[in-house]
Amino acid sequence: MKRYFFKISYDGTSYFGWQKQPKQLSIQETIEKDLSKIHSLREVSIVGCGRTDAGVHAKEYYFHWESETAINKTEIKYKLNKMLPDGICIHEIYEVENEAHARFSAKERSYEYLINTSKNPFTSYHSWYISKKLDVAKMNAAANLLIGKKDFTSFAKIHTDVNNHICQLNYAKWIQKGDQITFEIRANRFLRNMVRAIVGTCVDVGFNKIQLDEFKRIIEAKERQQASSSAPAKGLYLSKVIYDLELKN
C-alpha cells in the first residue's frame, strides 16, 4: 500500500463541515466520491487532519489516502481539480511513510478568525461583521491569559469523544488593520468549537461586557456555560497544519 498526503483548501460556506454526516453535504464525502470515480472504485476512504464545523473554512488542510498501487500525483491533482466544485482545491500531493497520519502526526495547528468593522458584501459569508467599536488592546490582554498548557473545558463543546480538555496553546493575538480585525491562534490541539467560543468571549471583553479578572475566572471555572456564545462559523479558517515528517513531492 502507498500512503499519500493531500494538501487542500476549501470554502466551507455550502458544506456541513469536513466530516461525513447522514443526509448532509460534507467536504470529505465530496472528495471521496470524485476520487472513487477517478479510480473506478466502489468506495474510497480518506482521513482528515481534523474536523471543521459547518460553515468553517480552511486555507490549509491535509488528508491522507492509501492506494494499492503508486499513483501519478500530477494526473490525480489535475483530474480532481477538474471534477471538484469551485469551493475545493487540491494544491499538492505528497508520498509519505505508511505510519504518517494526517490527524495524529500533526504537531501544531493554527486558526484565524476574521472580523470586519465595516459592512462589505464581498466578505459577508467569510467574516463576522461587527459595527460596534471593540477594545482590541483589552482583547489581547485576555488572549494572553490563554497562553500555556491549560484545561479549556470552558471553551469546549460538551459531550464529545475526547479523553481530556488539556491543550498547549502557544500563540493567541488580535491584529487590527484598517477595517479588518484578525485573531490568530496556535496550539498542539483544539477542542470542538474551542476557537469560536474563545472569539465570542474575547469580543465580549472588547465590548467591556467581561472584565479581565472575569475572563480569568471563566478559564478556571472549566464550565462551558461560563463563557460567551460562540462566534459565527463563517469567520473561522484553519490556516496552517505543522508536521514533523518528510513530505515528498
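The values are calculated or read from the model by the stated rules, or taken from the named source; none is laboratory data. These figures come from a predicted structure and were not determined experimentally. Note: ideal-geometry Cβ built from the backbone for every residue, glycine included; neighbour counts use all protein chains shown.
Do we find a residue being of a type in the set (G, A, S), surrounded by fewer than 18 Cβ atoms within 10 Å (Cβ to Cβ) and not assigned by TED's automatic domain parsing to the domain that holds R196 anywhere in the range 39-53? Yes, some residue in the range 39-53 is of a type in the set (G, A, S), surrounded by fewer than 18 Cβ atoms within 10 Å (Cβ to Cβ) and not assigned by TED's automatic domain parsing to the domain that holds R196.
On the stretch given as the range 20-58, residues that are assigned to a loop (DSSP other than H, G, I, E, B), in contact (Cβ under 8 Å) with a residue 12 or more places away in the chain and acidic (D, E) total 1.
Okay, residues lined up against (1) closer than 26 Å to I185 by Cβ; (2) surrounded by fewer than 18 Cβ atoms within 10 Å (Cβ to Cβ):
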{"residue": "W65", "(1), (2)": "no, no"}
{"residue": "I88", "(1), (2)": "yes, no"}
{"residue": "A100", "(1), (2)": "yes, no"}
{"residue": "S105", "(1), (2)": "yes, no"}
{"residue": "K119", "(1), (2)": "yes, yes"}
{"residue": "K132", "(1), (2)": "yes, yes"}
{"residue": "A156", "(1), (2)": "yes, no"}
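Per the listing G200, G178, the residue uniquely over 30 Å from K73 (Cβ atoms) and free of Cβ contacts under 8 Å to residues at least 12 places away in the same chain is G178. Counting residues in the range 223-236 that are part of a loop (DSSP other than H, G, I, E, B), touching a residue at least 60 places away in the same chain (Cβ under 8 Å) and basic (K, R) gives zero.
Of all residues in the range 73-86, those satisfying the criterion of being surrounded by fewer than 17 Cβ atoms within 10 Å (Cβ to Cβ) and in a loop (DSSP other than H, G, I, E, B) are P85, D86. Quick check: is even one residue across the range 63-72 polar (S, T, N, Q) and in a loop (DSSP other than H, G, I, E, B)? Checked the range 63-72: at least one residue is polar (S, T, N, Q) and in a loop (DSSP other than H, G, I, E, B). Of the set (1) outside the structural domain of Q28 (by TED's automatic domain parsing); (2) buried (at least 18 other Cβ atoms within 10 Å of the Cβ); (3) under 22 Å from the mean Cα position of the chain (by Cα), all apply to I93 but (1). Is the range 19-41 home to any residue that is closer than 25 Å to W128 by Cα and more than 16 Å from the chain's Cα centre (by Cα)? Yes, because at least one residue in the range 19-41 is closer than 25 Å to W128 by Cα and more than 16 Å from the chain's Cα centre (by Cα).
Restricting to the range 1-19, what's the tally of residues that are small (G, A, S) and without any contact (Cβ under 8 Å) to a residue 60 or more places away in the chain? Walk me through how you get there before you give the answer.
At the first step, the residues of the range 1-19 found to be small (G, A, S) are 9, 12, 14, 17.
Restricting the remaining residues to those that are without any contact (Cβ under 8 Å) to a residue 60 or more places away in the chain gives 17.
Of the residues in that region, 1 qualify.
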